[in-house]
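Note sheet for the following structure.
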Amino acid sequence: MSVPEVLIVDNPARFVRRLTLNRPEKRNALSNALRARVFEALESADNDPQVRVTILRGAGPCFSAGYDLGGGAAPPYPFQTAAGAGHWSRHVVEGCFKVWDLAKPVIAQVHGWCLAGGSELATACDLVYVAEDAQIGYPPVRMMSPPDNQFHAWLCGLRPAMEMMLTGDAIDGIEAVRVGFANRAFPADRLEAEVLVMAERIAKIPTDVQQMNKRSVHRAMEIMGLRAAIRAGAEIQALALTTASSRETFAKFRDGVSGALDARDGAFGDYRTKG
């Protein structure tokens with residue numbers, strides 16, 4: 001029996017490439033195999049003269065529920081990162097900056113769950129459009145660590161970022177736009193069409209001009225310290241994984257991912273334990 005392709009690539013409009021995370025049975029959990037395909041496809045689009053903008057979305061009920069904690073995060077990794085303490089957090093941040101540093105714009109099309117590593121992938125994109133009922137959060141702060149890619153304060157500001165970090169609660173698409181995580185929110189049944197309209201609008205501008213437009217915004221953020229701050233956040237995340245609570249959480253994952261997630265979220269009555 002053939003193994004389904006974990007990433008579907010199509011061209012829905014002139015100059016528009018679309019990448020679809022295709023592990024719906026796993027809520028598009030980001031295994032290293034899937035991450036490798038995403039980076040490969042993004043780099044291919046960046047080098048293709050027939051592509052001016054890329055859309056990244058998820059198949060099935062959600063964008064992505066995060067990294068694959070059921071064994072999919074084991075080596076081999078999509079690219080080389082210096083070994084040693086903090087390897088994983090540095091690796092994640094380097095992956096996000098790989099997307100950040102592409103010449104061509106990347107749009108995240110977010111519906112359903114967009115959690116943990118899935119939210120980090122979305123924030124690495126240049127534009128984020130969400131379904132109004134999307135659920136975006138970073139629940140690992142409850143028992144494990146802050147994000148590898150600590151984007152919250154930069155995108156959302158001090159107070160919203162602090163609330164998300166201290167509760168692990170999810171926000172919906174409308175709130176995500178209000179606090180600055182996303183550009184615009186649409187009803188779920190209109191999201192795909194609206195994203196394609198925006199992609200086609202962006203694709204009207206030639207790449208040699210557009211890459212400068214993109215970099216001008218990024219350089220302004222970097223001068224304010226974004227790149228250094230996210231690197232520092234990765235080090236804090238690595239340090240957090242040495243705490244007793246984090247080690248206890250990882251031990252529970254070895255006994256089963258579902259049980260560990262239920263233990264994490266049961267007291268809050270959300271995510272898997274809601275209802």
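The values are calculated or read from the model by the stated rules, or taken from the named source; none is laboratory data. Quick caveat, the model's predicted, so the values are computed rather than measured. Counting neighbours? That spans all protein chains shown, and the Cβs are built from the backbone with ideal geometry, glycine included.
Couple of notes before you dig in:
- Criterion: free of Cβ contacts under 8 Å to residues at least 12 places away in the same chain and within 21 Å of F250 (Cα to Cα) - qualifying residue of G137, G117, G84, G72: G84
- Considering residues of the range 54-66 that are closer than 17 Å to G112 by Cβ and outside any loop (DSSP other than H, G, I, E, B) only, the residue farthest from the chain's Cα centre (by Cα): I55
- Residue tally, condition in a loop (DSSP other than H, G, I, E, B) and surrounded by 13 or more Cβ atoms within 10 Å (Cβ to Cβ), over the range 202-214: 2
- For the range 233-275, the set of residues classified as closer than 17 Å to D148 by Cβ and either in contact with a strand residue (DSSP E or B) (Cβ under 7 Å, 6 or more places away or on another chain) or among the acidic types (D, E) (or both) consists of E235 only.
- Residue satisfying all of: in the range 97-135; in contact with a Pro (Cβ under 8 Å, 6 or more places away or on another chain) and of a type in the set (A, V, I, L, M); farthest from P146 (Cα to Cα) among these: A131
- The range 27-53 - residue that is more than 18 Å from the chain's Cα centre (by Cα) and part of a helix (DSSP H, G or I) and, of those, surrounded by the most Cβ atoms within 10 Å (Cβ to Cβ): A45
- Among the residues of the range 54-99, the ones that are aromatic (F, W, Y) and surrounded by fewer than 18 Cβ atoms within 10 Å (Cβ to Cβ) come to 4 in all.
- Looking across the range 164-185, just one residue is touching a residue at least 40 places away in the same chain (Cβ under 8 Å), over 23 Å from V197 (Cα atoms), out of contact with any Leu (no Cβ under 9 Å at 6 or more places or on another chain) and surrounded by 19 or more Cβ atoms within 10 Å (Cβ to Cβ), and that is G168.
- Residue list for the range 1-26, filter: crowded, with 22+ Cβ neighbours inside 10 Å and charged (D, E, K, R): R17, R18, R23
Matching residues to (1) in contact with a Pro (Cβ under 8 Å, 6 or more places away or on another chain); (2) in a helix (DSSP H, G or I); (3) aromatic (F, W, Y); (4) surrounded by 14 or more Cβ atoms within 10 Å (Cβ to Cβ):
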{"position": "S216", "(1), (2), (3), (4)": "no, yes, no, no"}
{"position": "R219", "(1), (2), (3), (4)": "no, yes, no, no"}
{"position": "G233", "(1), (2), (3), (4)": "yes, yes, no, yes"}
{"position": "L239", "(1), (2), (3), (4)": "no, yes, no, yes"}
{"position": "S258", "(1), (2), (3), (4)": "no, yes, no, no"}
{"position": "R264", "(1), (2), (3), (4)": "yes, yes, no, yes"}
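- Condition check for A161: more than 19 Å from A65 (Cα to Cα), out of contact with any Cys (no Cβ under 6 Å at 6 or more places or on another chain), without any contact (Cβ under 8 Å) to a residue 24 or more places away in the chain and small (G, A, S): yes
- Condition met for P4 (in a loop (DSSP other than H, G, I, E, B), over 22 Å from D148 (Cβ atoms) and either modelled with pLDDT of 95 or more or not aromatic (F, W, Y) (or both)): yes
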